[in-house]
Structure formats: structure tokens, C-alpha cells
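What follows draws every value from the coordinates through simple rules; no lab data is involved. On a predicted model such as this, the values are computed, not experimentally measured, just so you know. Virtual Cβ from ideal backbone geometry, glycine too; neighbours counted across all protein chains shown.
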Amino acid sequence: MAAGMLDAGRVWQAYSSLGKSTLQVVGSQGVRVQLADNRTLLDGTMGWWAALFGYRHPDIEAAMQQQLETLPHYPFYSELIHEPAVKLADRLVDITPGDMAGVVFSESGSSAIEVGMKMALQYWQLKGLSRKKRFAAPSNSFHGDTFGAMSLCGPDNDMFGRYAGVAEPALFFSPPPEGRDRPFTQDDLASVRALFESRSEEIAALVIEPLLQGLAGLRPYSCEYLAALRQLCAEYDVLFIADEVAVGFAKTGSLFACEQANVEPDILCLGKTLTAGTVSLGATVVSAKVADVTRQEPFIHGATYMANALACTAANACLDLLETGHWKNEVERISTQVKGELEACLDLPGVKHIRNIGLLFGVCGDKSLDIANFRQQAIDQGAVLRGVGNTAMLVVPLGTDPDDISQLTGTMKNLLRSAFV
Ligand SMILES: Cc1ncc(COP(=O)(O)O)c(C=O)c1O
């Protein structure tokens, strides 16, 4: 076994086979991860879009430390309830767009999606329209790894071909036309309008990532499209579920992506940055319109670690940091620097264009990346970077030093010199 490697023969990592030996991570701080072989890597993934303030923010750690010493967890059931969850629910209802009424906590982004789907079904059943039990989604979506969430992942998403036929797939429509500034025309909605025209009586809800489809390659679309789509859902009596698991919490330059299009979802799903990259937590925020109906009967969802007190405390500490408003200048500062420095990539062979909203950057080429090779080369050059399809992604946390940003963009440029050739 080479130095710094860990024999991980008995554990599956995300999207991999059993039994790999991999580099051992022993610490993290800010934008850095520390390896057992004494190397330090700059993490250009924001810990899968979660660690908005970088790793181990002292305020979040201090709050969690205190909670750990009093009540790390207590089952969220029956007569007993704890303050971190109640406080967090109140705050989420207040800060999320629309007339929101309540929150269901769960364990991850995927489970927040499952809860949203179940809530939509309960809404229509109690309205006496139990035929409405299908879901609609763009055909290039990603919404998570559990069966309900996977059923929303489009047929183009080859990751989920293996499980086809278990959960009823969503009714798919053409993806939003790419481009944040692309002028919107009603034709852009032709496919989803045709679907609603023929089948809205069966459709409980439409699920979409607002403004940008993350794992479709950080693919942005316009506010006008989003607003028109939301309007179409209202017209055809289809609930609108916004999946802000990835794009939520300041990363797109507004606290929630829906805000930029003045869109108020019926149900909003959150995860990832909710706890700023510390522990797992999902939240499904439910509008008054939906809650006023669904509250007539218990909502059949509960899990042993639902609303974990330590996770809710981390989330409250994350909201404290967001409430200061410092993130606005930080998003501006980082975004301007990254944009300026990545522009040089446009001169590299095979590079087509750069996608960007807020802190989220993708450099797209005219062919698919060799993802494993891209990741390995990044590590060899001192960085952690992710790619999907033909897009190399860079996501930099708030508070990152300008020199570290330049190092990350420099590594990106080096890697992309030959990546699309
Ligand atoms: C848009 C979106 N929704 C849902 C999920 C699932 O979240 P989790 O990995 O926490 O289950 C992800 C994960 O990447 C995501 O990007």
C-alpha cells in the first residue's frame, strides 16, 4: 500500500464499486483538505456545493460543540420537541420565497425530494383528486438517489438506467432552453404545455431546479422561462416543486434562486448548504396553500434521526452567518475574480463556452471529459475538481483568499489545455 493510501476494501464510496484503495483525508479547513501523506489540496467543489463558508467555520463549530454537550439528538416525535428544530423551521418559513407555512425535516436532499412528492400526493388526495399522482420533470434532471427522486431523473441520465421499471418514471418534457439571457418565447414551453394539455389531470406536481440544472452540467436558463413555467403550473392545477438542494443558499447570488424570477413555489426542497457542509439534513418547506389542505390528516413520514438537533443547530448557525448579509459582497468578489481568470480558457482547444451564475462555474468543451482522468490530474496538481459530461466545474466557497482562487483557476486552465482535444 502506497504512503497516504487507505485500504478501503469493505466500503462503497459514492458511485463506485466495492473495494478501492484511495487517498486518505485527515483534515479540512477553509478551502483546503489535508491528506495523510502531508499534501494539501485546494477543494474547488465546495464539498459538493455544501460548504458555503469553507470547511470548519469557527462559528458553526462552536454552536455544534455546545449542542453536542447538551442534546445531540432526541427522536422528533410525540409530546417532546426541541428548540433547534422549531427555531430553524420558523426561520426557514420566514426567509424562503412565498407564503410558506411549515417544514418537514429529513436526512438528505434526496429525502427532502421524497417528502415533497409525498406531500403533493396527500394534497391531491385530500382535495378528492387522487388520480393526480404522476410527476413532471425536464428530461435532463437530477434530483437524488432514492427511488422517488430517481424517478424524476430523466432517461438521458444513464446513471439510473439500471433501476428502470421499479418506480413509475416521471412524465418528461424538453429541458429549458440553455442560457440565462436567452430571450424567452412561448415556444420554449411547447413541450410541457402539450404534456399538461393532455395529462394534467394525472399530474400532481412538476419538479425542477430553479435557474440552473446542476448535474446537467451547470446548465443555466432564464428567469423568464422559470416564471412562465410556474405560471403554467398554476394554470393547469399542477403543484410547483422547486428543488433548491443544490442551488439554494446564496450560491446563485440570491438567497434562493426562485427569488430572481419572483417565483413562489408550492413546495421547496433544501439540503446541502442547509448545514454548510457539516452534517446531513434535508428540509421540505411547504406553502400555506398546500399545508392548509394536507394538515387535515397526519403526514405519514418520520425517521429515527428526523430533525436531528445537532444538524438543526448547524443550520441555525449557517443562517446566522447568512443573516449578516456579508455573503453578497463575497459572491460578487469571488464571482468577478473567477470569471476574469477563467476567460483565458476560451482560447484553449475544444473549449466552447463558460457557464456561470454566482459562485457556480462550468467550462464546457465540445466533447465529453474523461472524468476519472480529469479528477486524478487535478489531485496531482494540488486540487479537487469535478466534471460532468462535457463540463468542468469550479465552485469556490465564501472567504476564499484571492491567491487560492487564482491557484484553482490556474489548475483548471492547465487541465483543460488537453481535456477537450
Ligand atoms: C438538485 C439536487 N437535488 C437533490 C440532490 C440529492 O441530495 P443528497 O445527495 O443530499 O441526497 C442533489 C444532490 O446532488 C441535487 O444536486
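The table below gives the values:
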{"item": "Rounded FRET efficiency, nearest 0.05, which uses the C-beta distance separating ASP59 from ASP366 and R0 of 45 Å", "result": "0.55"}
{"item": "R0 of 35 Å, Cβ-Cβ distance ILE379-ASP320: FRET efficiency to nearest 0.05", "result": "0.55"}
{"item": "Separation in nanometres of the label points that stand 7 Å from Cα toward Cβ, at ASP187 and LEU68", "result": "5.8"}
{"item": "Anchor LYS127: aspartates and glutamates whose Cα lies under 14 Å away (excluding residues fewer than 8 positions away in-chain)", "result": "GLU201, GLU202, ASP237, ASP292, GLU297"}
{"item": "For the range 71-323, alpha-carbon Rg and Dmax in angstrom", "result": "17.3, 54"}
{"item": "Qualifying chymotrypsin sites (Phe, Trp or Tyr not before Pro) in the range 221-310, DSSP loop, other Cβ atoms within 10 Å at most 14", "result": "none"}
{"item": "Exposed-loop-free span, longest in the chain, where GluC sites (Glu not before Pro) count as exposed if DSSP calls them loop and at most 10 other C-beta atoms lie within 10 Å", "result": "80-421"}
{"item": "Whole-Å distance, taken between Cα centres, linking the range 374-421 and the range 10-30", "result": "20"}
{"item": "Zone residues, the range 134-155, relative to GLU201, backbone N less than 20 Å from point 7 Å out along Cα-to-Cβ", "result": "134-136"}
{"item": "Contour minus Cα-Cα distance for LEU129 and GLN337 (0.36 nm per residue)", "result": "69.7 nm"}
{"item": "Neighbour cut-off at most 14 other Cβ (10 Å), DSSP loop, trypsin sites (Lys or Arg not before Pro), the range 101-195", "result": "LYS127, ARG131"}
{"item": "Cross-link table LYS132/LYS272; LYS87/LYS339; LYS118/LYS289, entries beyond 26 Å C-alpha to C-alpha", "result": "LYS132/LYS272; LYS87/LYS339"}
{"item": "Helix-derived mean residue ellipticity, 222 nm - over the chain, DSSP H n ≥ 4, -39500 (n - 2.57), to 500", "result": "-10000 deg cm²/dmol"}
